[in-house]
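Since the structure comes first, as structure tokens, the remarks are kept for the end.
The values are calculated or read from the model by the stated rules, or taken from the named source; none is laboratory data. These numbers come from a predicted model, not from an experiment. Here the Cβ positions follow ideal geometry from the backbone for every residue, glycine too, while neighbour counts run over all protein chains shown. What goes into the accessible areas is simple: the full protein's heavy atoms, side chains included, and nothing from ligands, DNA or RNA. Shrake-Rupley method; radii C 1.70, N 1.55, O 1.52, S 1.80 Å.
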Amino acid sequence: MDEVVLAIAAEADLIRVRRELRAQSQRAGLGLVDQTKLITAGSELARNILTYATGSVGTVRVEYVQADGRRGIKATFTDHGPGIEDIEAALTDGFSTNRSLGLGLPGSRRLTDEMTITSAKGSGTTVMIVKWAR
């Protein structure tokens, strides 16, 4: 399976991100529940790029991965927005800098098997998630 890189700059891009995550997760053999979890987490992360990295075109790199006899999908979301000042706080339920419910990042973490966030104020953000086939 090839890796796919998609731009995230407008609402319509969210549909493309969800479609690609679904297609790749089906090819990797993820069950319906795990497909739905990956798509939901990915959709939230893509929406965060539109909401918080305004004026910046973000990307998602979706790729098939194998490790330790497992197969899955890795999606890496990158933007060049203002960055996250306090990652630990951002991963806390209810924390929001935009008057939202504050469930996006912590929810995405719960829906996936692995999640890493790299960010610094003024330097953008990279969020990598992995969902493994069961």
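For the chain, a simple Cβ point-charge model (Lys and Arg +1, Asp and Glu -1, everything else neutral) yields a dipole of about 420 debye relative to the Cα centre.
Work through the residues other than GLY122 whose Cβ is under 15 Å from its Cβ and net out their charges, Lys, Arg +1 and Asp, Glu -1.
Values: positive: LYS121; negative: ASP79, GLU85, ASP86.
Once positives and negatives cancel, what remains is -2.
Carbon and sulfur atoms: what percent of the 1.4 Å accessible area of the range 7-131 do they account for? Walk me through the intermediate numbers first.
Values: 3210 of 6540 Å².
The C+S portion of the solvent-accessible surface of the range 7-131 is 49 percent.
Spin-label pair VAL57-ALA89: with each label point 7 Å from Cα along the Cα-Cβ axis, the two points sit 3.2 nm from one another. Of the GluC sites (Glu not before Pro) in the range 53-88, the ones in a loop by DSSP (not H, G, I, E or B) with at most 13 other beta carbons within 10 Å are GLU85. Subtracting the Cα-Cα distance of ALA23 and ARG110 from their residue separation scaled by 0.36 nm leaves 29.2 nm. Per residue, the solvent-accessible area of the chain (1.4 Å probe, heavy atoms of protein chains only, all protein chains present) comes to 54 Å².
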